[in-house]
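Engineer: Have a look at the structure that comes next, please.
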Amino acid sequence: MIRSLLLALVLLMAAALPAAASGNDEYFPEYSGDQFQAIYDHAVETTLANLDPPGGQVSITGNADVDARIWRIAFDRGYLLRPVANGGLVSVDGVQMQPEAAAAWKQLRAEARAAGYRFIVSSAYRSPNMQRTWFNTKLSGTSDDAINTALTWYSIPGTSKHHSGYALDFRHRNETFGSFRDTPDYAWLAANNFSIPKTYGFIPSYPDDGSAQGPSPEPWEFVWVGVDAIRCGVPMDVSESRFAMAHRSWLADDVVACSGGVTLDELDEMIRTLGPKLGALLRA
């Protein structure tokens, strides 16, 4: 009974809502920058494998006072301690990454090449020690301004999504990361709320409209969370996003299967509370 009622509601809502602008057969919800961040954090907590929990605040420069200010400014910007890969990485063209991200990247790359785009992955997994070295080479002084300038683009050890092996940096050969935004390749990736990367489980890592996310927006960095995480969103948004954007094959089995998600009893309650919203939607 529950599934039949849900199917009827889904079909009614699908008829009332505009289709997603995507070249793919499968529908994915559209997300804001903050929602993309929440999806990544939820995937880390619930589904992404081969990760050790985040560590503590490690030494950065070797000067305790300077390090304390770096950590304070980093946290004020929105940097967070991130988990670290605990092994099992694979190499694609000399770049180490998680196996799931590698398989998805190969599929995305094949579609990109077929469409005439030639961007590559130039960086994926980075250890905290590697991140420390990288950050220190970009730190031009010990003033708060110098620290903030370095943190605009470079994470400190322990706070980079690259530690997980699920974050990938895209660029063209012999070009800088900063130039990637202005390429047709990025326009292809970003079209329709990143519909093509979503198909392979990728989302933007530091999107343009994300708030307090640490570095400034980085259009070249994408992170693999898996297709299911993108399809489902985060549990707290289920009544507002999964139902409100129901479309095509978005049926009961898909919703109940979502990680951390919804039991049939909870689904039944959502259906009861959805009635007034559905009526208003159909009258609009």
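Engineer: Among Ser179, Gly94, Phe135, which residue has its Cα furthest toward the positive end of the charge dipole of segment 30-232, with +1 on Lys/Arg Cβ and -1 on Asp/Glu Cβ?
Structural biologist: Checking the options against the dipole of segment 30-232, the answer is Gly94.
Engineer: Could you give me the ³J(HN,Hα) list for segment 149-157, computed from phi with Karplus coefficients 6.51, -1.76, 1.60 and θ = phi - 60°, whole Hz, x at Gly and Pro?
Structural biologist: Once rounded to whole Hz, the list reads 4, 5, 6, 4, 10, 10, 6, 8, x.
Engineer: Ok, one more. Tell me the net charge near Pro83. Cut-off is 11 Å between Cβ atoms, Pro83 excluded, with +1 for each Lys or Arg and -1 for each Asp or Glu.
Structural biologist: With Lys, Arg at +1 and Asp, Glu at -1, the net is -1.
Engineer: For segment 30-232, calculate the relative contact order in percent as a whole number, restricting contacts to Cα pairs under 8 Å that are 6 or more residues apart.
Structural biologist: Answer for segment 30-232 is 28 percent.
Engineer: Follow-up. Compute the orientation-averaged projected area for segment 152-222 from the convex hull of its Cα atoms and round it to one decimal in nm².
Structural biologist: The orientation-averaged projected area of the Cα hull of segment 152-222 comes to 5.2 nm².
Engineer: Sorted by average packing, counted as other Cβ atoms within 10 angstrom per residue and highest first, what order do 128-140, 196-208 take?
Structural biologist: Packing order, densest peptide first, comes out as 196-208, 128-140.
Engineer: Averaging over every viewing direction, what projected area does the convex hull of the Cα atoms of segment 30-232 cover, in nm²?
Structural biologist: Directional mean of the projected Cα hull area for segment 30-232 stands at 10.8 nm².
Any read-out appearing in this document is the output of simple, stated calculations on the displayed coordinates, not a laboratory observation. Computed from a prediction, not measured in an experiment: that's the story for all the values here. Glycine also receives a Cβ, built like all others from the backbone with ideal geometry; neighbour counts cover every protein chain displayed.
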